[in-house]
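Have a look at the structure below before the remarks.
The values are calculated or read from the model by the stated rules, or taken from the named source; none is laboratory data. Keep in mind it's a predicted model, so treat the numbers as computed, not measured. Positions of Cβ are backbone-derived with ideal geometry, glycine not excepted, and every protein chain shown enters the neighbour counts.
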Amino acid sequence: MDIEHIFDIFCRLTGLAKTEAAGFRFLCEGAAGYLNTRLAAAPDRKDLNRIFFAAAALACYRYSLMCMTEGNGGEIKIGDVSMKSSGMKQVDSAEKLCHEAFREISDLITDPEFVFKGV
């Protein structure tokens, strides 16, 4: 997977500059690794953008959760100006985005929740 492309999308989704987001690059790498394990087959080139977006959305969701656990969820600081919003709202939005992105690639991934059992 193209981690740099996923990282670019992650930066756009979170609103972080690349320098600010550099410390969270591991989230993109982890999301890409997770998606690699869920891919049913080698993806076609035409499907890569959808996969990269889903990986970035998952990284964004994990980033939102991290911000909540660190106690600064929803806080934005630009220079001397800072704003706070509800951290749960940010997590909820990131979760919806992630679910939608995974729904869009459902034809490409396996479902880890599905178990086939014989009787």
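Points worth noting:
- Scanning the range 1-44 for residues that are farther than 20 Å from residue 67 by Cβ and not in a helix (DSSP H, G or I) yields 1, 2, 39, 40, 41, 42, 43, 44.
- Residues that are at pLDDT below 90 and in contact with a Leu (Cβ under 8 Å, 6 or more places away or on another chain) occur at least once in the range 85-92.
- The residue that is modelled with the lowest pLDDT, among those in the range 12-46 that are out of contact with any Cys (no Cβ under 9 Å at 6 or more places or on another chain) and among the β-branched types (Val, Ile, Thr), is 37.
- The one condition in (1) modelled with pLDDT under 90; (2) within 10 Å of the chain's Cα centre (by Cα) that residue 9 fails to fulfil: (1)
- Residue within the range 11-34 that is in contact with a strand residue (DSSP E or B) (Cβ under 9 Å, 6 or more places away or on another chain), within 12 Å of residue 94 (Cα to Cα) and surrounded by 16 or more Cβ atoms within 10 Å (Cβ to Cβ) present: no
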